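Take a look at the structure below.
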Amino acid sequence: MASEATQDEGHEVELSQTQGEYIQHHLQFLTYGKHPDGHWGLAHSEEEAGDMGFMSVHVDTLGWSIVLGLLFVLSFKKAAEKASAATPTGFQNFVEWVFEFVEQNVKDTFHGTNSLIAPLALTIFCWVILMNFMDLVPVDILPWLAQTISGSHETAFRVVPTTDPNITLGMSFSVFFLIIFYSIKVKGTGGFLKELAFQPFGWKMMPFNLLIEVPTLLAKPVSLGLRLYGNLYAGELVFLLIALFGVYQLPAHFIWAAFHLLIVPLQAFIFMMLTIVYLSQACEHH
């Protein structure tokens, strides 16, 4: 693409628009919903996807989320079924290491007794890290494959579920509902409301307490979901910008991919640890 550029101003504007269209297309989702004329189907442009409104789904996001979730469940299930103390395989050792790593973090962070927390933390860590690792797949391969299968160059296809705020916020609000559930279950409705209204300055300062505690509570799911989304979206965008270098992209691509190998597991770890911390706070009396 860069080789087609000339010093002519008109050609430079056209090239810029081409680059912008390339990035914009790669940031669109494969959307299914109801068209303005009443029929249901896939959107063929960003405008059509916008016209579908709230009652639409991102097929690529849901598809990859389900596939990666099944990959985690079935692979760990297979490792558990074939586990052998005498002759452990390399994959069994890896699964045991991941399990022990998550279990130790739960023991160190969660101060209570709840049989849900460790399986939840393991699921979050493994599922999120698998979704994040899709960001290391070359940005053009799977979208090109989707366009080839559909027979249309307008087909949008994104492969990193955690670059969709519907996924990250959906997971974070699920954690938020668990926070509310266990806060009420452990402390009672009255205890939960007293914690919001009477802490940290006592009942006489209730308006100020609410001004502090309510936004803090509501900020938990928003910050949890947007942190994951923002980091992975930025990483994907950098890969797209590097792809514009054409044949000169490989050195920058490998450098960014190597750096991204740290970001991918780190974001999964942060999401898991914050979930454990928030649920530990919910299950504790003040």
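Summary table
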read-out	value
Rounded to the nearest 20 debye, dipole of the chain from Cβ charges on Lys, Arg, Asp, Glu	1820
Positive-end extreme of charge dipole, the chain - chosen from LEU217, SER84, PHE201 (charges on Cβ)	PHE201
Spacing of the two label points (7 Å from each Cα toward its C-beta) at GLU154 and ALA83, in nm	5.2
Of VAL139, VAL57, VAL214, the one that fluctuates the most in a GNM where the chain has Cα springs shorter than 10 Å	VAL214
Order of SER223, SER65, SER75 - criterion: other Cβ atoms within 10 Å of each residue's Cβ, fewest first	SER223, SER75, SER65
Of the DSSP H helices in the chain, those whose Cα atoms cover at least 20 Å axially and whose Kyte score averages -0.5 or more	59-81, 90-109, 117-133, 165-198, 206-243, 250-282
Approximate spin-label separation VAL137-ALA197, in nm, with each point projected 7 Å along Cα-to-Cβ	5.1
Calculated FRET value between GLN19 and LEU70, using beta carbons and R₀ = 35 Å, to 0.05	0.45
FRET efficiency for TRP97 and PHE208, using Cβ-Cβ distance with R0 set to 45 Å, rounded to 0.05	0.45
Helix-derived mean residue ellipticity, 222 nm - over the chain, DSSP H n ≥ 4, -39500 (n - 2.57), to 500	-24500 deg cm²/dmol
Net dipole in debye of the stretch 36-155 [+1 Lys, Arg Cβ; -1 Asp, Glu Cβ; about Cα centre; nearest 20]	820
Efficiency of FRET between SER115 and VAL222 - r from beta-carbon atoms, R0 25 angstrom, step 0.05	0.30
Most positive-pole-ward Cα, SER65, ASN114, PHE254, against dipole of the chain from beta carbon charges	ASN114
Sorted by Cβ density within 10 Å, fewest first, the residues PHE208, PHE72	PHE208, PHE72
Likely footprinting exposure, ILE180, ILE124, ILE263, fewest C-beta neighbours within 10 Å first	ILE180, ILE263, ILE124
Alpha-carbon centroids, the stretch 117-168 and the stretch 183-242: separation in whole Å	27
Number of Lys pairs (Cα under 30 Å; 8 or more positions apart or on different chains) in the chain	15
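Bear in mind that the values in this text are calculations on the coordinates, not laboratory data. No experiment lies behind these values; they were computed from the predicted model shown. Cβ coordinates were reconstructed from backbone atoms using ideal geometry, including for glycine residues, and neighbour counts include every protein chain displayed.
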